[in-house]
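Novice: Take a look at this one; I'll ask things after.
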Amino acid sequence: MLLMSVVAFAQNQIKGHVADATGEPIIGANVTVKGTTTGTITDIDGNFTLEVESTDGTLVVSFIGYKSVEAKMNGTAPINVVLQEDTETLDEVVVVGYGTQNRKSLTGAISDVKSESLTRSVSTTTAGALTGKIAGISTRAKDARPGKGINLEIRNMGTPLFVIDGIPYGGNTSNDWLVNSEVSGNDVFNALNIEDIESITVLKDASAAIYGLRASNGVVLVTTKKGKKNEKVSINVNGYYGWQNLTRFPELANAEQYTRGLAEAAQNRGEDPNSVYTKEELAKWAAGTEKGYKSYDYYDMIMRKNVPQYHINASVTGGSERTNYYLSIAHTNQEAMMPDFNYQRTNFQLNLDTKITNRFTIGAQVSGRYEKTNDVGLPGGDGYYSSILAIFRMRPIDSPYANDNPNYIRNIDSYRNGYNPAAFRRDIAGYKDSMTRYANINAYAQYDFGFGLTAKATFSYGYTNSRFDGYQYAYQIYTYDEASDTYNGTNAVGRWRLQIDRSVPTRYMQLQLNYNKQIKEHNISAVLGYEASDYDWSKKTYGTEPSTDYLPLLQMDEINSFGDEWSYEARAGWLARVNYDYAHKYLVELLARYDGSYLYAPSKRWGFFPGLSLGWRISEEKFFAPLKSVVDDLKIRASIGQTGTES
């Protein structure tokens, strides 16, 4: 017997119409029953028909560029909905060079990303957190090195200028032979605590001309978080703990594949494959059970799985009638895929603004960080690279240990000694550690004259101390004499000791006037400023050839190298920008920079960098009204400008 139960629900038909504030129908608006997946979209006339089970629910009507509306159903009576334009996005303030603008008034190729998007990333670098979030930005990770390895470019033009809280950061973007940075703005940018960032703006075209001589590769503007007026005290603690794994890696040949490939290669060259490996030997390598015929997987020896990474951040923010504040501290730790390689960073940020009077405001941003990278003292300058190279340099037929005895690292040959993963430990091969301490303070004072004019003075001082501390041990490697059952040892590599100290104080000063005025539908804003900066870089190198692996001190009688380097950079510039728009419809921006650099002779030191951009918001014209239900905001813009480079 087959029993069936059927339940039928009566369907009610709801009809309606969706229009904008001008009465024009909105095509493709979403109409759904609140709390369900039941829904439809409006047709070409803005009408919709929806089958519902109950007529006492609520409809939610939404469309891109408009505020969502909830409409209560009243039986089967028609529902007419009017959507209001959501101007919040267009009125959003965007940070630009030496000021801010409403998004709808922008005339340049300017993109930005907010904190909410950045903090979704688990990248340890700011460039990594930006990956895929802004059009025209490319980020390249050269390797999976902890805390490092991400380069950012705008339209593939090279390293841009980084401006953090209004302060431009320059310096030498290169690395030394030990892969240590020579200290630059790229380092400051990538070592920011992502939780401290309010927004990042990228200037891609002529809008970058206001930064003159260093803006040829574009400009990246970073604004850190601040407290808000009369904001209640908010304490936020968050973090994550995760595990890292390689997504892909070349599959390496085992001993059987390797030996057979050599034999087949000889045969393809017209040689006797038995002169390389006989059939009996190939069979032994395939079985891998006899002594001397085992297969070794160097990928598994070097690379780890489920490598930990964690980040924790704590912040306090708030504000009163006159004082706003933001305070945070964060710690990041990331281990490498190889043992004994590690990166850790601690960040501190304090932003404070106080109104002394109704017109006079002072403020400061204080930041600091401590970074440390631990590497193993492998041959060559870059231990991380050497460990990956070892995977390909070592052969699957070579045992890492003499006589397969883990107490004796094998002396294989001069080509592979130093790349044997049996020695890839800090207590065997030594260490190459880098440490960076950084502190910076920006202080400003601003006066509002009350008729649209404000004057602001800013001073910034930063200090970076970077130290490399390396000690490569001359550990023992062995051969095995089967006849006498003895192990014969020798030094694997030469022993060396090296310390490098970098000290970099930077200073920056800016004087700026801002003017904003609205006369009916005419909006005028202007910026005039002067700034000067310098960068004082020094480096000292001490090298010794120690007599043992056990005393990590620099001895005078063991010194074999000493270096002392110094360089100095100084720049100054005048800047100006004028913006005009009529009814937020016709937009004009004029900007200019008169820049001077230390690199050139006094008679050739200064250069002029102008820029012009125009915009027309066609969507604000009356003739465009019938199309606003399809395209709510349409702008045509054009720009031309000149930027420079010091190279």
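Novice: Taking all protein chains as present, what is the carbon and sulfur share of the accessible area of region 532-647, in % to the nearest whole number, probe 1.4 Å?
Specialist: On the way: 4230 of 6800 Å².
In region 532-647, the share of accessible area belonging to carbon and sulfur is 62 percent.
Novice: By how many nm would the segment from Ile27 to Thr289 lengthen if fully extended, with 0.36 nm per residue of separation less the alpha-carbon distance?
Specialist: On the way: separation 262, 0.36 × 262 = 94.32 nm, distance 7.33 nm.
Length difference between fully extended and current span is 87.0 nm.
Novice: Can you give the extra length, in nm with one decimal, that the chain gains between Asn238 and Asp413 once fully stretched, where that is 0.36 nm per residue apart less the Cα-Cα distance?
Specialist: The Asn238-Asp413 span can extend by a further 57.9 nm.
Novice: Before anything else, pin down the relative contact order of the chain: Cα pairs under 8 Å, at least 6 apart, normalised by residue count, whole percent.
Specialist: Working: 1556 pairs, mean separation 66.3, N = 647.
Relative contact order, the chain: 10 percent.
Novice: OK, next. Which entries in the list Lys225/Lys456; Lys148/Lys225; Lys15/Lys635 go over 29 Å, if you measure between the two C-alpha atoms of each? Write down the numbers at each step before the final one.
Specialist: Values: Lys225/Lys456 20 Å; Lys148/Lys225 24 Å; Lys15/Lys635 35 Å.
Checking Cα-Cα distances, Lys15/Lys635 exceed 29 Å.
Novice: Which sequence of Thr541, Thr224 reflects their accessible areas, 1.4 Å probe, from the largest down?
Specialist: Details: Thr541 25, Thr224 5 Å².
If we order Thr541, Thr224 from most to least accessible, we get Thr541, Thr224.
Novice: Can you give me the distance in nm between label points at Thr76 and Gln13, each placed 7 Å from the Cα along the Cα-to-Cβ direction?
Specialist: 0.8 nm
Novice: Where in the chain lies the longest segment free of GluC sites (Glu not before Pro) that are both loop residues by DSSP (not H, G, I, E, B) and have at most 15 other Cβ atoms within 10 Å?
Specialist: Working: sites that count: Glu53, Glu88, Glu92, Glu231, Glu251, Glu271, Glu290, Glu321, Glu482, Glu521, Glu621, Glu646.
It runs 322-481.
Novice: Can you bin every Cα-Cα distance in region 62-151 into 5 Å intervals starting at zero and give me the percent of pairs per bin, rounded to whole numbers?
Specialist: 2, 10, 14, 13, 14, 12, 9, 8, 7, 5, 3, 2, 1
Novice: Using a Förster radius of 60 Å, what is the FRET efficiency between Ser503 and Gln84 based on their Cβ-Cβ separation? Nearest 0.05, please.
Specialist: Details: r = 58 Å, r/R0 = 0.97.
Approximately 0.55, to the nearest 0.05.
Novice: Okay, moving on. At 0.36 nm per residue, minus the direct Cα-Cα distance, what do Ala443 and Thr323 gain on full extension? Give it in nm, one decimal, please.
Specialist: Working: separation 120, 0.36 × 120 = 43.20 nm, distance 1.50 nm.
Extra length available between Ala443 and Thr323 comes to 41.7 nm.
Novice: Trypsin sites (Lys or Arg not before Pro), restricted to region 527-632: which are DSSP loop and have at most 16 other Cβ atoms within 10 Å? List each step's numbers first, then the result.
Specialist: On the way: sites: Lys539, Lys540, Arg571, Arg577, Lys585, Arg593, Lys604, Arg605, Arg617, Lys622, Lys628; in loops: Lys585, Arg605, Lys628.
Qualifying residues, ordered by number: Lys585, Arg605.
Novice: Right, next: Under the rule of -39500 (n - 2.57) per DSSP H run of 4 or more residues, summed and divided by the residues of the chain, what mean residue ellipticity at 222 nm is obtained, to the nearest 500 deg cm²/dmol? Could the numbers behind the result be given before it?
Specialist: Numbers: 8 runs with 58 residues, N = 647.
Taken over the chain, the calculation gives -2500 deg cm²/dmol.
Novice: Of all chymotrypsin sites (Phe, Trp or Tyr not before Pro) in region 438-515, which ones are in loop regions per DSSP and have a Cβ with at most 14 other Cβ atoms within 10 Å? If you can, show how the numbers build up before the last one.
Specialist: Values: sites: Tyr438, Tyr444, Tyr447, Phe449, Phe451, Phe459, Tyr461, Tyr463, Phe468, Tyr471, Tyr473, Tyr475, Tyr478, Tyr480, Tyr487, Trp496, Tyr508, Tyr515; in loops: Phe449, Phe451, Tyr473, Tyr475.
Filter output for region 438-515: Phe449, Phe451.
Novice: Using a 1.4 Å probe over the heavy atoms of the protein chains, calculate the carbon and sulfur portion of the accessible area of region 387-491 as a whole percent.
Specialist: Details: 2270 of 4720 Å².
Ligands and nucleic acids excluded, carbon and sulfur give 48 percent.
Novice: Right, next: Measuring from the lowest to the highest alpha carbon on each principal axis, how far does region 116-155 reach, largest first, in angstroms?
Specialist: Dimensions of region 116-155 along the principal axes of its Cα atoms: 25, 24, 10 Å.
Novice: Going through region 81-182, which chymotrypsin sites (Phe, Trp or Tyr not before Pro) have at most 14 other Cβ atoms within 10 Å and a DSSP loop state?
Specialist: Answer by residue number: Trp177.
Novice: Near the amide H of Glu198, under 5 Å away, which other amide H atoms are found, from residues 5 or more places off or on another chain, if H is placed in the peptide plane?
Specialist: Distant-sequence amide H within range of Glu198: Thr223, Thr224, Lys225.
Novice: For region 247-292, with every protein chain kept in place, what is the accessible area per residue (1.4 Å probe, Å²)?
Specialist: About 74 Å² of surface per residue is accessible.
Novice: In addition: Round to a whole number: what % of the accessible area of region 176-268 belongs to carbon and sulfur, probe 1.4 Å?
Specialist: On the way: 2150 of 4420 Å².
About 49 percent, which is the carbon plus sulfur part of the accessible surface.
Novice: Using the heavy atoms of the protein chains alone and a 1.4 angstrom probe, what is the accessible area of region 382-448 per residue in square angstrom? Don't skip to the answer; put the middle values down first.
Specialist: Numbers: 2750 Å² over 67 residues.
Ligands and nucleic acids excluded, the figure is 41 Å² per residue.
Novice: Now for a separate question. Given labels modelled 7 Å from the Cα in the Cβ direction, how far is it in nm from Gln267 to Tyr530?
Specialist: Taking the two extended label points, one gets 8.3 nm.
Novice: For a Förster distance of 30 Å, can you work out the FRET efficiency between the beta-carbons of Phe608 and Lys585, rounded to the nearest 0.05? Can you show the working numbers first?
Specialist: Numbers: r = 31 Å, r/R0 = 1.03.
After rounding, the FRET efficiency stands at 0.45.
Novice: Phe623 to Ile519: FRET efficiency via 1/(1 + (r/R0)^6), r the Cβ-Cβ distance, R0 25 Å, to the nearest 0.05?
Specialist: Details: r = 26 Å, r/R0 = 1.05.
After rounding, the FRET efficiency stands at 0.45.
Novice: Alpha carbons only, please: Rg and Dmax for the chain, in angstrom.
Specialist: Every Cα atom of the chain included, Rg and Dmax give 32.9, 105 Å.
The values are calculated or read from the model by the stated rules, or taken from the named source; none is laboratory data. As the structure is a prediction and not an experimental result, all values here were calculated from the model. Counting neighbours? That spans all protein chains shown, and the Cβs are built from the backbone with ideal geometry, glycine included. Surface accessibility is based on the protein's heavy atoms, side chains included, excluding ligands, DNA and RNA. Shrake-Rupley method; radii C 1.70, N 1.55, O 1.52, S 1.80 Å.
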